[in-house]
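Have a look at the structure below before the remarks.
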Amino acid sequence: MDEEMKQSPGGKTKSPAPFLLKTYDLLEGVRDKSNGQRIVSWNGDGTGFVVWSPDEFSEIMLPRYFKHNNFSSFIRQLNTYGFKKIASKRWEFQHDKFQRGCKDMLAEITRKKCEPSIFPPFLKASKDNKGDSADKKSDCLSLMEENESLRRQNLDLQMQISQLKALEMKLMDCLNVSIHGHHHHPHNKIRRLF
């Protein structure tokens, strides 16, 4: 059987989502190229991957494998498949079924169901206030979904901040060059805004 295909319980052959295959192939493609590994690579034990340089990843790697160069869109896709950001200081992502050397497990990764509504059901007025354990369980699940949605929004905002800070540095360097006529001269450098 092809390593990219899995047999589903109904007997039908199930193949991994194209996004997952492309992401896996992207990581495998940079393993043999040291210049690519400074941009993105598997983590040390192969249970996740790290985007070391989001700007270069967006400019160089994403267009090579996907039809866009938007890092935030890439992160949203990861989130829809249940990937978790596991490091606070770097862009490291992990999924139990996404591991180096285990391409056959990709078929077991499925998209999450629909996004929670903007107005969760547990906040709507109810006719009876008794509420049973099923309602409480539903409320808990709704809260968890809303929390996950907020976490994704937070990641997107963090990425936007990172991109704006990088842009600020480039603009400051450009301004420095235009004012002083040279790069990175410490005593003439204009102070950063942040």
### Query
Taking region 151-175 as the search range and keeping residues that are free of Cβ contacts under 8 Å to residues at least 12 places away in the same chain and over 16 Å from Ser88 (Cβ atoms), which one is least open to solvent (accessible area, probe 1.4 Å)?
Asp173
### Query
Name the pairs: first residue in region 26-50 and over 12 Å from Glu92 (Cβ atoms), second residue open to solvent by 80 Å² or more (accessible area, probe 1.4 Å) and at pLDDT below 85, Cβ to Cβ under 8 Å, at least 6 apart or on different chains?
Gln37/Arg31
#### Entry: Out of Glu92, Glu148, sole residue that is within 30 Å of Gly46 (Cβ to Cβ), modelled with pLDDT under 80 and open to solvent by less than 90 Å² (accessible area, probe 1.4 Å)
Glu148
### Message
If Leu106 satisfies all but one of (1) of a type outside the set (Lys, Arg); (2) under 15 Å from Phe19 (Cα atoms); (3) open to solvent by 30 Å² or more (accessible area, probe 1.4 Å), what's the number of the condition it fails?
### Response
(3)
### Task
Identify, from the list Lys137, Lys165, the residue that is in a helix (DSSP H, G or I), of a type in the set (Lys, Arg) and at pLDDT below 75.
Lys137
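The values are calculated or read from the model by the stated rules, or taken from the named source; none is laboratory data. Treat the numbers as computed from the prediction; the structure is a model and nothing was measured. A quick note on method: Cβ atoms are made from the backbone with ideal geometry, for glycine too, and the neighbour counts reach across all protein chains shown. Areas reflect the complete protein model, heavy atoms only, side chains present, ligands, DNA and RNA absent. Shrake-Rupley method; radii C 1.70, N 1.55, O 1.52, S 1.80 Å.
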